[in-house]
Amino acid sequence: MQPIASPVLELIEFTKRYEDFTAVHPLSFEVNPGEIVGIVGTNGAGKTTTLRAIVGLLRPSGGCIRVAGMNPEHDPVAIKQILAYIPDNTQPFDLLTVTEHLHFTALAYRIENAEIQYDSLLEELDLSAKRHSMASSLSRGMVQKLSMACAFLRNPEIIILDEPLTGLDPRGIRNIKSSIRRRADQGTAFLLSSHLLGLVEELCDRVLVMHEGKRISFGSLSEVRAGANLDCDAPLEEVFMAVTDDLRNTALRESP
Ligand code: ATP
């Protein structure tokens, strides 16, 4: 029998409060090696808060987070070796060129013989023509691709992406989708947050739906559909509207 791989990421009753406001109510889910999990939710649902806590930028108010069995609060350096995080407002070093970013990443993460990957990575992300350009001269979409290149160079166990397609043109979107799928097939886990439900539907193995800090649904698209009592071919957009409309209507009925 095949051994069951341990999750590379596990949240157990993770909670985040900002003073007396609860941004994320006890939330549990896991991401397995080679799996792509998408988080979708209404504005303010707690997606970014959850991602920032996973990467150690926010301290949980309760529950626990494990990345490859380690706690981001106790093992921040070890976790940085196996996790890459690309926020939605990624900031490059303005005075480094594209290639220098790759080189800097290779030095910071002690990646041996990294140079042999540079050409193929830049080609994969359509950045070859910009290899000698300063980051300050790149467009927003190019900066996003550069962040991906740096993350892919490290070959981490899990890549966390907040709105990964922001600013990308249609070719860039297609390239990034196939890059993510290929790496997942090779064992990299992905956790991504996006409002682009088509992307999530196309790319993700499982989906976490959040609303007002709560987990509404978590599972494969067919499990999430079944939970919303929808047909087996209903698009994710319809599922999302159905579950969030229900919650909105309940909240309206209960409000004084
Ligand atoms: P969006 O889709 O709009 O980006 P999100 O799901 O990423 O939203 P978060 O940014 O995680 O949502 O925010 C969740 C909730 O926590 C929101 O109500 C937000 O106003 C609140 N919040 C976030 N950061 C803080 C903070 N530093 N102090 C107080 N409240 C905060």
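The values are calculated or read from the model by the stated rules, or taken from the named source; none is laboratory data. If you're wondering where the values come from, they're calculated on a predicted model, not measured in any experiment. Note that we place each Cβ from the backbone using ideal geometry, even for glycine, and neighbour counts take in every protein chain shown. We work out accessible area using only protein heavy atoms, side chains counted, and drop any ligands, DNA or RNA first. Shrake-Rupley method; radii C 1.70, N 1.55, O 1.52, S 1.80 Å.
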Quickly rank 125-132, 214-221 as a protection proxy: mean count of other C-beta atoms within 10 Å, highest first.
214-221, 125-132
Counting each pair of different Cα atoms once, what's the Kirkwood radius of the range 9-254 in Å, rounded to one decimal?
18.9
If you take every residue apart from Ile39 with its C-beta less than 12 Å away from the C-beta of Ile39, what net charge results, scoring Lys and Arg +1 and Asp and Glu -1?
+1
Accessible surface, per residue, of the chain when the full set of protein chains is kept, probe 1.4 Å, Å²
52
Taking only Cα atoms, what is the 0 to 90° angle, nearest 10, from helix 236-254's long axis to the longest principal axis of the chain?
50
So in the range 138-252, what percent of DSSP beta bridges are antiparallel if you round to the nearest 5?
50
Hey, any idea what % of the range 1-62's accessible area is carbon plus sulfur with a 1.4 Å probe?
50
What accessible surface, in Å², does a 1.4 Å probe find on Glu124, ignoring ligands, DNA and RNA and rounding to the nearest 10?
40
Compute the separation of the alpha-carbon centres of the range 163-183 and the range 22-46 and state it in Å as a whole number.
21
Between beta-carbons, use under 10 Å as the cut-off and find the net charge around Ser139, counting Lys and Arg +1, Asp and Glu -1.
+2
Cβ-based net charge around Ala106, under 9 Å, with every Lys or Arg adding one and every Asp or Glu removing one
0
Charge dipole of the chain built from unit charges on the beta carbon (Lys, Arg +1; Asp, Glu -1), centred at mean Cα; most positive-end Cα among Val239, Pro164, Cys204 is Pro164
C-alpha long axis of helix 115-124 to longest principal axis of the chain, angle in °:
60
Can you return the lysines within cross-link range of Lys214? Criterion is Cα-Cα under 29 Å, with same-chain partners fewer than 8 residues away left out.
Lys16, Lys47, Lys80, Lys177
When DSSP beta bridges are limited to those with both residues in the chain, what percentage is antiparallel, rounded to the nearest 5?
50
With DNA, RNA and ligands ignored, accessible area of Arg154 (1.4 Å probe; Å², nearest 10)
40
To the nearest 10 degrees, how steep is helix 140-154 against the longest Cα principal axis of the chain, on a 0 to 90 scale?
80
